[in-house]
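Before any comments, here is the structure.
Derivation of every value follows stated rules applied to the coordinates shown; laboratory data play no part. This one's a predicted model, so the numbers in the text were calculated from it and none came from an experiment. Reconstructed Cβ throughout: ideal geometry from the backbone, glycine too, with neighbour counts over all protein chains shown.
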Amino acid sequence: MLVETGILPIGLTVGGERHQAFELRPPTVEDNIIATQEVADMADGAARGLKLTVAVLARQFVKLGTLPQEAISLEMVLGLHPNDLDALYDAEARLKKKLLSGGLPWDGGSQCEPGAPNTA
């Protein structure tokens with residue numbers, strides 16, 4: 001799986017344990033759809049755009065410290081320090097560069113075979 005790793009400068013404390021090391025995977029269209037649904041009633045205007053970006057990031061986590069993806073919520077990510085958010089943005093930019101360069105395989109995306117008819 002294509003991932004980008006990093007360290008949050010501040011981190012998140014859960015259950016008395018500080019979590020700083022992270023792994024992010026590339027976002028998917030599904031991540032964007034689910035994130036849009038999550039933030040639909042949370043804010044308006046520019047605040048909604050920022051919350052949508054953070055909601056997608058929250059879904060991209062493979063892990064944060066010892067926390068697995070399923071334990072990481074949007075509310076947790078919204079509680080991060082802005083310096084931590086910058087570290088996540090940097091990791092996301094590195095992921096995008098890897099994807100666009102075609103240098104590493106990615107197992108995300110469509111499950112259909114090339115040339116398969118669209119039956120949706």
Could you tell me which numbered condition THR53 fails, if it satisfies all but one of (1) of a type in the set (Ser, Thr, Tyr); (2) under 12 Å from the mean Cα position of the chain (by Cα); (3) outside any helix (DSSP H, G or I)? (3)
Checked LEU88, LEU2 against criteria (closer than 22 Å to LEU99 by Cβ, in a loop (DSSP other than H, G, I, E, B) and touching a Phe, Trp or Tyr at 6+ places or on another chain (Cβ under 9 Å)); the one match is LEU2
Considering (1) assigned to a loop (DSSP other than H, G, I, E, B); (2) without any contact (Cβ under 8 Å) to a residue 12 or more places away in the chain, say which one PRO27 fails and leave the rest. (2)
Filtering region 20-52 for residues that are surrounded by 14 or more Cβ atoms within 10 Å (Cβ to Cβ) and touching a strand residue (DSSP E or B) at 6+ places or on another chain (Cβ under 9 Å) leaves a count of 6
Going through region 57-80 one residue at a time, which ones are surrounded by 20 or more Cβ atoms within 10 Å (Cβ to Cβ) and either without any contact (Cβ under 8 Å) to a residue 24 or more places away in the chain or farther than 13 Å from LEU12 by Cα (or both)? LEU57, ALA58, ARG59, GLN60, PHE61, ILE72, VAL77
